[in-house]
Structure formats: structure tokens, C-alpha cells
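Right, one structure below, let's go through it.
Every read-out reported here was derived from the displayed coordinates using simple, explicitly stated rules and does not represent laboratory data. From a predicted model like this one, the values you see are computed outputs, not experimental measurements. Cβ coordinates were reconstructed from backbone atoms using ideal geometry, including for glycine residues, and neighbour counts include every protein chain displayed.
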């Protein structure tokens, strides 16, 4: 059985999940390959960049070259570029990216596609052309939903909450008529395609499973709930004092850790944490942030920057007393699993997959609602009462549910079920 995983890039949260699964399959003796549009490293075996075949005629080559030159000069703009440009004028800053279900790439022409028995889609924005791929693909399709984009129009998350107001409560997003029009347009395109397409969907958490079902977008789909996995040997409990000395972190302070690919993303909720600082005893606390720097100017808040090495990230989790992920909407973030495998408790808002991973007062805290005040209260409660599980028990809980071997076993069973139908 040959598996081809398809993901737009080999970097980012969804890419990490895809590549970890791929590596786990290879280690289990499964013939697995990954096809990406953008390849940036050689950290994993059997990962290939899609190569465009040259145009078949002189005329086609000339047209493509003219279009490329006109685009560079800003003269030629396709329909998607125009819609994207107009949308950006309406959308609040800091929202997640948008993507259209269209691409100039035909994945079905690729040699690895032809060799595969099962096509496993992951995060495919800009890589997958829905109108051509799904009608042409006659192979079984498994699709892991890393966000809501497959059943939304162009957005990747239905971001209805924005940054906090002066009282620390979320501002509500108001959609323009143009945003609603574009969202409806591309959602209808997807509905027509999936009305005829059988898919085996993997939801990473109960929230995502419910969202998929509520969308009614996939009448022919089978929905499976299988969380992401991580090799538990890569994130372990390390000595806190040693880790702090190694990172030059203070030994006499309570350390709160925040992490996101883009720290200024509205969805990831850093502004709620920064506002919560006002209700936390900052004399004894310091917040460290991992991710692309946003240059927030706050006392007791230090941006580390990007950390790409997993071993170093393990040191960062172990140096912290608490990992805080105040996402306003989220799926099943890898960072929560990594923190729990490191034995570090987690605090979050009551959203998405957090409710699956975090057991209130046992391995972390779930705030009562989305607000800076409740986030601050949860932090204060944690340092006053702690959690029921020890670091070793927190790690054991995570291994039992989220070790890569658990995910691989369940997904391979799904593959086998597909072939035995």
C-alpha cells in the first residue's frame, strides 16, 4: 500500500503534523511519500517538491512568459488577485490568510500521484485546484482538516472575535457585504464539488468533527476523529533549573510561555495575555514569547523569536512554569501536545481542541470565558492551587493519547478499512 501525503509546504503547523505522521509511517514500514508545492529543507526523507512540466508548445510558453512579465509590472492581474486585493481592504488586520480553491497546478499529472494507492490531503491552500482535482482523482482520498478552510469559502477560520476592548472582552467582527458575497461564492463552488465526491475526512478534535457535520458540506463523506501525534521521545521532562540556565532565564521568577508562528495573529490571542498582565503580580512573573517577533512593547514581556529546533523547543517548555495559549478559535495545536509531553501545564480559553487536550485543574486550566480577566484569574488560580497531576503524570496522559504510534495505528486501520470495502 503506497500513501501520498499532499501539503502546500514543508514548514508551518500543518506541515509539522503531516511530516510527523509521514515519518511515523516510514518507521512502521509503510511506503509513504510527501508531495509539497514549496520545499525548504531536507529534514525528512521521501519529501518531494512538485515540479512544473514545461509548456507543450511554443505558443503556450510565450503566453506564460508574457503573463509573468505583466504580473511583475503590475499590469496583469487575474480574477483571484483582484478579489483578494479588494478583500484585504475590508478585512481587519491580523486575521488569518485567505485562499481560493483554485490553482494552476494539476497534481494528478505527478508521477507520485500515479504510483499511490491512497491520496492523503492535508493543508493544500494554493496547491490544490478543486474543480479539476476531485473529478479527476479516482483514487481513495483521505483528508485531514487542519483548519476550517475546506468547508468555508476563502477563510481558514471563521474568526468572529477580535482583539479585546478596554474591559478585556472580545470585540465582535462585523463582516462587510463584499466579504459575505465572496465567502458565499466560493462556498457554493465547494458544495457543488463535494456533493459528488466521497471523501474520508479526519477531524483532529471533537470541535472540528462537530463543525464539519454542521456545515453539511460533505454528504458522501465518512468522518473519523483521529488527533495528531508527536514522537514522545522528542519532548521529555528536563530539569527546570538546567534549562533556565541554558536559556539565561531568571531562576527566581515565575515564567509564563506563549507560542505561535505569528505572535501578532489576532486568532492566537496574545493581546488578551498582554492585557491580563495588568491583573497578574508582574513583580514575580515574566512572559516569554516564541514565534516571529511582533515588537510589542510591554514590561515583563520578552520575545525570544522563532525556534525551529525541536530539542531547543523542549528546553523552552521545560524552563517554563506554565504554557498559555489564549487562542480565540483553534483546532488541535501541536504546541499544547508538546508542552504536555514536556510535563508543563497549559492554560487556554474554552475553545476548539483545547477542551479535548486540557483537563481542568488536572493538567492545566480552562478559563471560564474568552476575556483577559478570566485568563488572569486562571493564571492566578494555577499559581495558588497548582494542578492535580505531577509533571510525570501530565506526560503519561499525553503519551497515551498523542504519541505518534497511536495516530499511525488508527490511520493505518483507516487505510485498511478503505481497501477492504
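Normalising the average separation of contacting C-alpha pairs (under 8 angstrom, six or more residues apart) by the number of residues puts the relative contact order of segment 240-402 at 22 percent.
What Kirkwood radius, in Å to one decimal, follows from the Cα pairs of segment 343-393? It is 10.9 Å. Taking packing as the residue-averaged number of other Cβ atoms within 10 angstrom, the listed peptides 134-145, 185-196, 338-349 run from highest to lowest as 338-349, 134-145, 185-196.
Once both axes come from the Cα atoms, what is the angle between helix 177-194 and the longest principal axis of the chain, in degrees from 0 to 90, rounded to 10? Approximately 60 degrees, to the nearest 10. Each principal axis of segment 240-402 carries a Cα extent, and these read 39, 35, 30 Å when sorted largest first.
Each peptide in 207-215, 245-253 receives the mean, over its residues, of other Cβ atoms within 10 Å, and ordering these scores from highest gives 207-215, 245-253.
When only C-alpha pairs under 8 Å and at least 6 residues apart count, what is the relative contact order of the chain, in percent?
In percent, rounded to a whole number, it is 14.
For segment 323-354 and segment 162-176, what is the separation of their C-alpha centers, rounded to whole Å? Between the Cα centre of segment 323-354 and that of segment 162-176, the gap is 22 Å. Expressed as a fraction of 2.2 N^0.38 Å, the C-alpha radius of gyration for segment 99-146 is 1.08.
With a cut-off of 19 Å on the backbone N, the residues of segment 118-151 near the modelled label site 7 Å out from residue 175 along Cα-Cβ are 147-151.
Based on DSSP H segments of at least four residues, each scored -39500 (n - 2.57), the chain has a per-residue ellipticity at 222 nm of -11500 deg cm²/dmol. Ordering 228-240, 382-394 by mean Cβ neighbour count within 10 Å, with the highest value first, yields 228-240, 382-394. In a fully extended conformation the segment linking residue 360 and residue 188 would gain 58.0 nm over its present Cα-Cα distance, using 0.36 nm per residue. Approximating the spin labels as points 7 Å out from Cα along Cα→Cβ, the residue 231-to-residue 393 distance works out to 3.0 nm.
Going by neighbour counts of Cβ atoms within 10 Å, the residues 157, 272 line up, fewest first, as 157, 272. Output the antiparallel fraction of DSSP beta bridges having both residues in the chain, as a percent to the nearest 5. The antiparallel fraction comes to roughly 5 percent.
Fully extending the segment from residue 215 to residue 279 would add 19.1 nm, taking 0.36 nm per residue of separation and subtracting the current Cα-Cα distance. Fully extending the segment from residue 261 to residue 167 would add 31.1 nm, taking 0.36 nm per residue of separation and subtracting the current Cα-Cα distance. Sorted ascending by nearby beta carbons within 10 Å, beginning with the fewest, 36, 379 become 36, 379. The calculated FRET efficiency for the pair residue 30 and residue 251, based on their C-beta separation and a Förster distance of 51 Å, comes to about 0.65.
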